[in-house]
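*Asks:* Here it is, the structure, as structure tokens.
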Amino acid sequence: MTKIDAFRHVAQVVNRSGTSFYWSMRLLPRNRRLGIYSVYAFCREVDDIADCDLPPSKKLEKLGEWREEINKVFSGVPKTLIGQALQSSAKAFGLNKIDFLSVIDGMEQDSALEVRIRNWESLEDYMDLVSCSVGRLSNPIFGIRGDENEKLAESLGQALQLTNILRDLFEDASNNRLYVPRDMIREQGIFSKIPSEVILHPEFKEIYKKIIKRAEILFERACSIISAGDRKNVVPTSLMLQNYWRVLKKLEKTNGPKRGEHFNLSKFEIMWILVRYGILKWH
């Protein structure tokens, strides 16, 4: 297999995924575009493992294979097409091995038969693995480095993940997952351990509102960092922020979790964000 084969493969993974961020990635220069494709393909691969129907032991086995592959990437002997693409990207953009392994650590947590979060500190640790680490991998590819990378990865990563948690409450509950901290739940007088009962409890909407407020603060913090950065470097991150911030606004209007609600943006909304915060900012 060649580098051309590897990069063709990760581009196909991105294209097949149907991600709303495809066109924001397409705005990047070719070398940066291929770099972010490789990171996205890796994250897609391990996320699919955590969400598949295999028993936890098999999921952990497959994630362990990816842990070995990441070690091979940084030893110069990757076995897979995604691994070969990652090897080139890691070298070109100075990506850190620990961040790839952190993503896998997070997917291992998601692979359990039951997922519960003890307190807010534990939630922040989880979000650092599954979301902030992805930001630390992506930002250098966009051209955001050093302290700016760390601060943006933390604030935006947590904001995005909190939005995901609220949006996917019912889907996660059906998979015996609940990412809302248990101490918040108990403080609100909810003592059930069954996710679906927790999120349908009348008092849960107060927890819902608190998480939305926290996400808003984090989005505002990330927006300030982005506003102070180089215009071209922050375009892809700005597009992601604007997309998810609007999803959060839709969640806020429900005044609590609603079963069957769809919060993803319309094609028109996505294209408007692409033009307003992407194309116009780029040129």
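The values are calculated or read from the model by the stated rules, or taken from the named source; none is laboratory data. Only a predicted model underlies this, so the values are computations on that prediction, with no experimental measurement involved. Don't worry about glycine lacking a Cβ; one is built from the backbone with ideal geometry, like all the others, and counts go over all protein chains shown. Side chains included, ligands, DNA and RNA excluded: accessible areas come from the protein's heavy atoms. Shrake-Rupley method; radii C 1.70, N 1.55, O 1.52, S 1.80 Å.
*Asks:* Give the residue that is modelled with the highest pLDDT, with candidates limited to residues of segment 261-274 that are over 22 Å from Leu28 (Cα atoms) and open to solvent by less than 60 Å² (accessible area, probe 1.4 Å).
*Replies:* Phe263
*Asks:* Give segment 77-104 a look and list any residue that's hydrophobic (A, V, I, L, M, F, W, C) and either modelled with pLDDT under 95 or farther than 13 Å from Asp5 by Cβ (or both), or say none.
*Replies:* From segment 77-104, those hydrophobic (A, V, I, L, M, F, W, C) are 77, 81-82, 85-86, 90, 92-93, 95, 98, 100-101, 103-104; that's our starting set.
Those that are hydrophobic (A, V, I, L, M, F, W, C) and either modelled with pLDDT under 95 or farther than 13 Å from Asp5 by Cβ (or both): Val77, Leu86, Ala90, Ala92, Phe93, Leu95, Ile98, Phe100, Leu101, Val103, Ile104.
*Asks:* Here's another thing I want to ask about it. Which ones in segment 205-241 are surrounded by 17 or more Cβ atoms within 10 Å (Cβ to Cβ), in contact with a Gly (Cβ under 7 Å, 6 or more places away or on another chain) and part of a helix (DSSP H, G or I)?
*Replies:* Scanning segment 205-241 gives Tyr208, Val235, Leu239.
*Asks:* If a residue has to be β-branched (Val, Ile, Thr) and more than 26 Å from Lys72 (Cα to Cα) to count, how many in segment 101-143 make the cut? Step through it out loud before you land on a result.
*Replies:* In the first step, residues of segment 101-143 are kept if they are β-branched (Val, Ile, Thr); the result is 103-104, 115, 117, 130, 134, 141.
So of that shortlist, the ones also more than 26 Å from Lys72 (Cα to Cα) come out as 115, 117.
Summing the residues that are β-branched (Val, Ile, Thr) and more than 26 Å from Lys72 (Cα to Cα) in segment 101-143 gives 2.
*Asks:* Quick check on my filter: what residues within segment 53-76 are at pLDDT 95 or above and more than 19 Å from Ile98 (Cβ to Cβ)?
*Replies:* Passing the criteria: Leu54, Pro55, Pro56, Ser57, Lys58, Lys59, Leu60, Glu61, Lys62.
*Asks:* Select from segment 1-42 the residues that are modelled with pLDDT of 90 or more, within 30 Å of Leu113 (Cα to Cα) and either surrounded by fewer than 18 Cβ atoms within 10 Å (Cβ to Cβ) or aromatic (Phe, Trp, Tyr) (or both) and list them in ascending order.
*Replies:* Those that are modelled with pLDDT of 90 or more, within 30 Å of Leu113 (Cα to Cα) and either surrounded by fewer than 18 Cβ atoms within 10 Å (Cβ to Cβ) or aromatic (Phe, Trp, Tyr) (or both): Tyr40, Phe42.
*Asks:* Hey, among Ala41, Ala50, which residue is in contact with a Lys or Arg (Cβ under 8 Å, 6 or more places away or on another chain) and assigned to a helix (DSSP H, G or I)? Give the derivation first.
*Replies:* Numbers: Ala41 fails: in contact with a Lys or Arg (Cβ under 8 Å, 6 or more places away or on another chain).
When all the criteria are applied, what remains is Ala50.
*Asks:* State whether the residues of segment 162-177 include one that is β-branched (Val, Ile, Thr), in contact with a Leu (Cβ under 6 Å, 6 or more places away or on another chain) and assigned to a helix (DSSP H, G or I).
*Replies:* So in segment 162-177, the residues β-branched (Val, Ile, Thr) come out as 163, 165.
Narrowing the set further to residues that are in contact with a Leu (Cβ under 6 Å, 6 or more places away or on another chain) leaves 163.
Going one step further and asking which of them are assigned to a helix (DSSP H, G or I), we end up with 163.
The answer is yes; a qualifying residue exists.
*Asks:* Could you tell me how many of the residues in segment 42-87 are within 18 Å of Asp105 (Cα to Cα), of a type in the set (Val, Ile, Thr) and over 21 Å from the mean Cα position of the chain (by Cα)?
*Replies:* So the count comes out to 1.
*Asks:* How many residues does segment 74-89 contain that are part of a helix (DSSP H, G or I) and open to solvent by 10 Å² or more (accessible area, probe 1.4 Å)? Working first, answer last.
*Replies:* Filtering segment 74-89 for residues part of a helix (DSSP H, G or I) gives 81-89.
This time we only want the ones that are open to solvent by 10 Å² or more (accessible area, probe 1.4 Å), so: 81, 84, 87-88.
Counting residues in segment 74-89 that are part of a helix (DSSP H, G or I) and open to solvent by 10 Å² or more (accessible area, probe 1.4 Å) gives 4.
*Asks:* Mind checking which residues of segment 109-153 are surrounded by fewer than 20 Cβ atoms within 10 Å (Cβ to Cβ), part of a helix (DSSP H, G or I), touching a residue at least 24 places away in the same chain (Cβ under 8 Å) and more than 15 Å from the chain's Cα centre (by Cα)?
*Replies:* Passing the criteria: Trp120, Ser122, Glu148, Lys151.
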